[in-house]
1. Mind checking the full-extension length gain between residue 109 and residue 55? Use 0.36 nm per residue of separation minus the Cα-Cα distance, one decimal, nm.
2. In degrees between 0 and 90, to the nearest 10, how far off the longest principal axis of the chain does helix 10-25 point, with axes built from Cα atoms?
3. Give me the number: length gained by fully extending residue 98 to residue 137, i.e. 0.36 nm times residue separation minus the C-alpha to C-alpha distance, one decimal in nm.
4. Between residue 144 and residue 42, what is the label-to-label distance in nm when each label sits 7 Å out along the Cα-to-Cβ direction?
5. Under a crude label model (7 Å from the Cα following the beta-carbon direction), how far is residue 3 from residue 79 in nanometres?
6. Would you look at the GNM of the chain, springs on alpha carbons closer than 10 Å, and say which of 136, 92, 47 moves the most?
7. Mean projection of the alpha-carbon convex hull of the stretch 46-135 over all orientations, in nm²?
8. Is it possible to state the helix-based mean residue ellipticity at 222 nm for the chain, with each DSSP H run of 4+ residues giving -39500 (n - 2.57), the sum divided by total residues, to the nearest 500 deg cm²/dmol? What is it?
């Protein structure tokens, strides 16, 4: 089940976010930068602000009554920005990521969004492969932002979506 996050989800969201980030930052960044107390506090503050804002959408995916995935998106500089999409490692390869991605792109399509962007850590090859399967491609205008790759998505040209409108 995918639903909009509420303030009651905050603790579970922060735990999942921290756990997921550790899988791709480990061996590339000092642990303090992704699971240290200061970073977890910063993450908590960011998620609390996002859940409370009307211009940000935070989605929760549950499986068996447990939070299994999260996604967040908002318009930034006139472009839809998928700022977060994380699946608990214990739920990898169960369809949670695809379901969350579909919920995001469905919402974007209903809102009339034509394109979206995201940034993915350069060493997070698992996520890069996932996004490629969903139809994301490197941003031709700026394929890199520091330690992250920038990917673009044509909302009207989703895999499995008919173009005969």
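Read-outs: derived from the displayed coordinates by stated rules, not from any lab. All values reported here derive from a predicted model rather than from experimental measurement. When we count neighbours, we look across all protein chains shown, and the Cβ atoms used for this are built from the backbone with ideal geometry, even at glycine.
1. Residue separation times 0.36 nm, minus the Cα-Cα distance, leaves 17.8 nm.
2. Approximately 80 degrees, to the nearest 10.
3. 12.4 nm
4. Between residue 144 and residue 42, the label points sit 2.2 nm apart.
5. Result: 3.4 nm between the two label points.
6. Among 136, 92, 47, the largest GNM mean-square fluctuation belongs to 92.
7. 6.5
8. -11500 deg cm²/dmol
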